[in-house]
Amino acid sequence: MNALEIRNLSKSLKGFKLDNLNLTLPSGCVMGLIGKNGAGKSTTIKLILDMLHKDSGTITILGKNNDDNIQLTKEDVGVVLDEVGIPECLTAKQVGKVMKYTFRNWSDEEYACLLHKFSLPDNKQFKDFSRGMKMKLGIAVAMSHGSKLLLLDEATSGLDPVVRDEVVEMLNDFTRDETHSILISSHIVSDLEKLCDYIAFMHNGKLLLCEEKDKLLAEYGVIHCTAQQLGEIAPSAVKHKKESSYGVEAIVLRKAIPTNINISPISIEELFVFMVKEAK
Amino acid sequence: MDILIYNKSGAPIYEQIYSQIKSQIISGALKENDMLPSIRGLAKDLRISFITTKRAYEELEKEGFIYTIKAKGCYVAAKNVELLREENLKKIEEHIEQIVQLAASCNLSRENIIEMVNFSLEEQG
């Protein structure tokens, strides 16, 4: 089963258009949505949750169309948005009590366990939490009601590297269960590179590419060579190049490169920047 | 069981897993009917993509090094160790042929060759 299926999704907003988006997230996998600010990542997530109404297209969450009874479907979906919308005066303990009456499958044990893992204080008010603690609390709530799908919108931005690593680790553990899936958007590409099975690039409301991460990394590479060496490579294999008076750095298709040129691995970040520039 | 992934090496990750498990089967570190780690568990422990681990296992299964029991797991297969021996024998024969040709080109006698082989075997102990 697919955890999430988006077909021909379109939505026009003021000065922005999400254009015919198609995405499939197989169950048990993690997909990273990468895009600049304003690329349409948050819009997509809001459309999935029906926080925005789509103009056309279909969205299927865990096998259920999001047009019928989305409230019921949301029981199985853990959501963390950019801002964790928890009232400022509540403590983590009180949040647990509220959620107990919000979600049918709320688990006090799971929640307590996550609070402990994230070393979140029980009795501190939410307004006194640091940004990192707020995010961690949001993630703890999202993971404590038997969620099968997590939707995370910029859940790691604004966190320090150590906390980000903790969060990535938690999410990695979450998907040990093959019925658990994650859609996570971010512009911190390195986090997604660590975590994801699939990578989707978005730009100006369009999907540029959606592919297995390791396939991308195996297909593309970076070479450093002389302009003359570059001239001997088929132009179709050279995707992008930066020339200086001392040599050339180029993003290339690995398979077209002669063995005497050293290919270094490319990062998803480099690939993304190149694709966005290309799309202009 | 040790599997080491080098992200910087440039070799596809699935190939790294594939070849490391394969060589452990060949060397006998992994024995017939030994259970391999689950695809998902291995992916999460190594912090790599689930799809990649799956591909490595599929490749191993295709070549007969491992077999899968549905809903249980993957195990080391028996047959192909034999096949591998065959392959190695073939390789040895090829090398011997080269030795014979080289020996002929420098007029080495049959006794000399056997002596050299014996010496090498004793060295290996």
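The values are calculated or read from the model by the stated rules, or taken from the named source; none is laboratory data. Bear in mind the structure is a predicted one, so any value in this text is a computation, not a measurement. Backbone-built Cβ (ideal geometry, glycine too); neighbour counts: all protein chains shown.
Taking the range B:1-28 as the range and being surrounded by 13 or more Cβ atoms within 10 Å (Cβ to Cβ) and more than 14 Å from every other protein chain (Cβ to nearest Cβ) as the test, the residues that pass are B:Ile3, B:Ser19, B:Gln20, B:Ile21, B:Lys22, B:Gln24, B:Ile25, B:Ile26. Selection of the range B:29-39 for residues being crowded, with 16+ Cβ neighbours inside 10 Å and modelled with pLDDT of 90 or more yields B:Leu36, B:Pro37, B:Ser38, B:Ile39.
So A:Gly231 ticks every box in (1) free of Cβ contacts under 8 Å to residues at least 12 places away in the same chain; (2) surrounded by 14 or more Cβ atoms within 10 Å (Cβ to Cβ); (3) over 31 Å from the mean Cα position of the chain (by Cα) but one. Which box is left unticked? The one condition A:Gly231 does not meet is (2).
Being within 26 Å of B:Ala56 (Cβ to Cβ), surrounded by fewer than 23 Cβ atoms within 10 Å (Cβ to Cβ) and away from chain B (no Cβ under 14 Å) is a property that holds for A:Val189. Those strands (runs of 3 or more DSSP E) of the range A:170-280 in which 1 or more residues are farther than 19 Å from B:Ala11 by Cα occupy A:181-186, A:198-203, A:206-212, A:220-225, A:238-244, A:247-253. Taken over the range A:214-256, the criterion of being away from chain B (no Cβ under 12 Å), under 18 Å from A:Met275 (Cα atoms) and of a type in the set (Gly, Ala, Ser) is satisfied by A:Ser236, A:Ala237, A:Ala250.
Restricting B:Ala71, B:Ala78 to those that are in contact with an Asp or Glu (Cβ under 7 Å, 6 or more places away or on another chain), more than 30 Å from A:Leu217 (Cα to Cα) and either free of Cβ contacts under 8 Å to residues at least 60 places away in the same chain or among the charged types (D, E, K, R) (or both) reduces the list to B:Ala78.
Scanning the range A:21-53 for residues that are of a type in the set (Lys, Arg) and surrounded by fewer than 21 Cβ atoms within 10 Å (Cβ to Cβ) turns up A:Lys36, A:Lys46.
Could you tell me how many of the residues in the range B:29-55 are within 14 Å of chain A (Cβ to nearest Cβ), aliphatic (A, V, I, L, M) and not in a helix (DSSP H, G or I)? Counting residues in the range B:29-55 that are within 14 Å of chain A (Cβ to nearest Cβ), aliphatic (A, V, I, L, M) and not in a helix (DSSP H, G or I) gives 1. Of note, A:Lys127 satisfies the criterion of being assigned by TED's automatic domain parsing to the domain that holds A:Leu72, closer than 21 Å to A:Val98 by Cβ and charged (D, E, K, R). Considering (1) surrounded by 10 or more Cβ atoms within 10 Å (Cβ to Cβ); (2) at negative phi; (3) assigned by TED's automatic domain parsing to the domain that holds B:Leu30; (4) of a type outside the set (S, T, N, Q), the lone condition that B:Lys91 does not fulfil carries the number (3).
Filtered by the rule that a residue be part of a helix (DSSP H, G or I), loosely packed, with under 15 Cβ neighbours inside 10 Å and among the acidic types (Asp, Glu), the range B:59-88 gives B:Glu61, B:Glu82, B:Glu86, B:Glu87.
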